[in-house]
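Scroll down for the structure; my scribbles are underneath it.
The values are calculated or read from the model by the stated rules, or taken from the named source; none is laboratory data. Keep in mind it's a predicted model, so treat the numbers as computed, not measured. Because the Cβ atoms are built from the backbone with ideal geometry, glycine has one as well, and the counts that use them run over all protein chains shown. All accessible areas refer to the heavy atoms of the entire protein, side chains included, with ligands and DNA or RNA removed. Shrake-Rupley method; radii C 1.70, N 1.55, O 1.52, S 1.80 Å.
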Amino acid sequence: MTKFVLTNVRLFTVGVDLTSASNKVELTAKVEEKETTNYGSQAYKELIGGLASAEFASEGQWEAGDPGKVDDAAWAQLGGVGAWSVGPVGAAVGNLAYLTKVLRCDYKLGDAVGEVAPWTSSGKGSWPLARGQFAHPPGTARTATGTGTGLQLGAVAAGKRMYAALHVLSVAGTATPTVTARVESSVDNTFASPTTRLTHTAATAAAGEILRTDGTAITDTWWRTAWTITGTTPSFMFATTLGIW
């Protein structure tokens, strides 16, 4: 990917798409510096990496009055931990994505008379910031059980994990419509004999969740989102992201 101007950043927090209410998103991944300088260091500092952390910061135009608006979502999430996903160049399948589990730490709103009502918020990562791709787009309604597009994200080395975020954005239907999303892997792009690696909690309303594998090595290199839908005339809008760390 070459240099580009930020015009189509996508921001998902738990079960809310904040794209149309945000105009700035910043991600930070860092490792603490721990000094190990000694008399054998030839008068130069020596450092090793300590604890790692991830942070999100975002801001935009304030809106309220619906669970999908930023004010309602921020109050519901403040002090809680949930899945966040950011797409710097959009949310089409295969587009770059960053995802983690975030503790929403603060929420600020308001400004001077005559200004467009703003908001700002930040969160601290409770898990590493994983880098991967969107595996399901937010703008495609699903009404029946199915599978998504395969992505060649690579094998998972021992001690590493596959991270998977699910953002259920809307639910319609009767008789308790339910979507249960899962992450499958395969040795190739045919998915002739896929293996289920993660299964999200069944969702009957807008919600979000991030899961990760247990650190065991996985040699499969192809990955996809699959889902099971039940209910009468069900329809779901959801986005998923996958990344290895």
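When region 48-74 is filtered for residues that are within 14 Å of D106 (Cα to Cα) and either among the basic types (K, R) or assigned to a strand (DSSP E or B) (or both), the ones remaining, listed by number, are E55, F56, A57, S58, E59. Filtering region 110-147 to residues that are farther than 30 Å from T190 by Cβ, of a type outside the set (G, A, S) and open to solvent by less than 60 Å² (accessible area, probe 1.4 Å) leaves P118, W119, T120, W127, P128, L129. In the set (1) open to solvent by 80 Å² or more (accessible area, probe 1.4 Å); (2) farther than 23 Å from F236 by Cβ, S20 fails one condition alone, (2). Looking at region 94-109 only, could you name the residues that are in contact with a Pro (Cβ under 7 Å, 6 or more places away or on another chain) and surrounded by fewer than 14 Cβ atoms within 10 Å (Cβ to Cβ)? Result: no residue meets the conditions. Being surrounded by 17 or more Cβ atoms within 10 Å (Cβ to Cβ) and farther than 19 Å from A239 by Cβ is the filter here; which residues of region 36-73 pass it? Selection gives A54, E55, E59, W62, E63, D71. Residue count for region 81-93, restricted to those that are closer than 16 Å to A130 by Cβ and open to solvent by 30 Å² or more (accessible area, probe 1.4 Å): 1.
From the list T149, T176, pick out the single residue that is outside any strand (DSSP E or B) and of a type in the set (S, T, N, Q). Lay out the reasoning, then the answer.
Values: T176 fails: outside any strand (DSSP E or B).
Going through T149, T176 in turn, the sole match is T149.
Table: residues versus (1) part of a strand (DSSP E or B); (2) among the charged types (D, E, K, R).
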{"residue": "A205", "(1), (2)": "no, no"}
{"residue": "D214", "(1), (2)": "no, yes"}
{"residue": "W223", "(1), (2)": "yes, no"}
{"residue": "W227", "(1), (2)": "yes, no"}
{"residue": "T232", "(1), (2)": "yes, no"}
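It is to be established whether one or more residues within region 173-194 are of a type in the set (K, R) and surrounded by fewer than 21 Cβ atoms within 10 Å (Cβ to Cβ). Before the answer, list the steps.
First pass over region 173-194, keeping only residues of a type in the set (K, R): 182.
Then keep just the ones that are surrounded by fewer than 21 Cβ atoms within 10 Å (Cβ to Cβ); that gives 182.
Yes.
Condition check ((1) touching a Pro at 6+ places or on another chain (Cβ under 9 Å); (2) over 15 Å from G243 (Cβ atoms); (3) without any contact (Cβ under 8 Å) to a residue 60 or more places away in the chain; (4) in a strand (DSSP E or B)) across all residues:
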{"residue": "W119", "(1), (2), (3), (4)": "no, yes, no, yes"}
{"residue": "G123", "(1), (2), (3), (4)": "no, yes, no, yes"}
{"residue": "G154", "(1), (2), (3), (4)": "no, no, no, no"}
{"residue": "A164", "(1), (2), (3), (4)": "no, no, no, yes"}
{"residue": "H167", "(1), (2), (3), (4)": "yes, no, no, yes"}
{"residue": "A172", "(1), (2), (3), (4)": "yes, yes, no, yes"}
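Within region 10-27, the set of residues being part of a strand (DSSP E or B) and either in contact (Cβ under 8 Å) with a residue 40 or more places away in the chain or among the acidic types (D, E) (or both) comprises R10, L11, F12, T13, V16, D17, S22, V25, E26, L27. The residue of region 212-228 that is nearest to Q77 (Cα to Cα), among those that are crowded, with 18+ Cβ neighbours inside 10 Å and out of contact with any Ser or Thr (no Cβ under 8 Å at 6 or more places or on another chain), is R212.
Just checking, does region 174-190 include any residue being of a type in the set (K, R) and in contact with a Ser or Thr (Cβ under 9 Å, 6 or more places away or on another chain)? Looking through region 174-190, at least one residue is of a type in the set (K, R) and in contact with a Ser or Thr (Cβ under 9 Å, 6 or more places away or on another chain).
Considering each of K34, K101, K3, K45 in turn, give the residue that is part of a strand (DSSP E or B), basic (K, R) and without any contact (Cβ under 8 Å) to a residue 60 or more places away in the chain.
Values: K101 fails: without any contact (Cβ under 8 Å) to a residue 60 or more places away in the chain; K3 fails: part of a strand (DSSP E or B); K45 fails: part of a strand (DSSP E or B).
So the residue among K34, K101, K3, K45 that is part of a strand (DSSP E or B), basic (K, R) and without any contact (Cβ under 8 Å) to a residue 60 or more places away in the chain is K34.
Taking every residue in region 126-152 that is free of Cβ contacts under 8 Å to residues at least 60 places away in the same chain and pairing it with any residue that is surrounded by 14 or more Cβ atoms within 10 Å (Cβ to Cβ) and assigned to a strand (DSSP E or B), at least 6 positions away or on another chain, the pairs with Cβ-Cβ distances below 6 Å are S126/V81; S126/K101; S126/L103.
Look through G231, G159, G150, G208 and report the one residue that is over 17 Å from L99 (Cβ atoms) and either buried (at least 19 other Cβ atoms within 10 Å of the Cβ) or in contact with a Lys or Arg (Cβ under 9 Å, 6 or more places away or on another chain) (or both). Steps first, please.
On the way: G231 fails: either buried (at least 19 other Cβ atoms within 10 Å of the Cβ) or in contact with a Lys or Arg (Cβ under 9 Å, 6 or more places away or on another chain) (or both); G159 fails: either buried (at least 19 other Cβ atoms within 10 Å of the Cβ) or in contact with a Lys or Arg (Cβ under 9 Å, 6 or more places away or on another chain) (or both); G208 fails: over 17 Å from L99 (Cβ atoms).
Answer to the selection: G150.
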